């Protein structure tokens, strides 16, 4: 399989509600918590695995309708860049998808690179992210992760 290394044990993971599937580089941990997306309180379920100081994660939220999900993408993008005190290096939007690359350093933390894809589908919004020290992020691993994200 493309993207395999000894430290990455790729496995297909499906969201418990069937909302998506993705290849994760290790067994992920799952957490659900309340977040605020520009004044809209929602429950976000995050599934994440960390390998060699690089985090691979998928977050999903369900909103009232499709238009709210599209608006949520911008709030999710802004929050992720803010989390690393980052600056956007590259951004591309197409349809219901925003691809982004940003770099920054969280308060008290080391510099990080953020590679993210934000997707809306019906009344759901997703963030698919890879973040870690730039030198630790292998583009081949990012490609394996990002291209494996599938909606039903």
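The values are calculated or read from the model by the stated rules, or taken from the named source; none is laboratory data. All of these numbers come straight from a predicted model, not from anything done at the bench. So basically every Cβ, Gly included, is an ideal-geometry build from the backbone, and we count neighbours across all protein chains shown.
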| said: Being assigned to a strand (DSSP E or B) and in contact (Cβ under 8 Å) with a residue 60 or more places away in the chain is true for just one of 125, 116, 102. Which residue is that? | reply: 125
| query | Any chance region 77-92 includes a residue that's closer than 23 Å to residue 10 by Cβ, surrounded by 15 or more Cβ atoms within 10 Å (Cβ to Cβ) and touching a strand residue (DSSP E or B) at 6+ places or on another chain (Cβ under 7 Å)? | reply | no
| Could you list, in sequence order, the residues of region 131-143 that are surrounded by fewer than 22 Cβ atoms within 10 Å (Cβ to Cβ) and not in a helix (DSSP H, G or I)? | 132, 133, 137, 138
| task | Name, by its number, the condition in (1) part of a loop (DSSP other than H, G, I, E, B); (2) free of Cβ contacts under 8 Å to residues at least 40 places away in the same chain; (3) surrounded by 12 or more Cβ atoms within 10 Å (Cβ to Cβ) that does not hold for residue 19. | result | (2)
| query | Any chance region 58-78 includes a residue that's modelled with pLDDT of 95 or more, under 18 Å from residue 20 (Cα atoms), outside any loop (DSSP other than H, G, I, E, B) and in contact with a helix residue (DSSP H, G or I) (Cβ under 6 Å, 6 or more places away or on another chain)? | reply | no
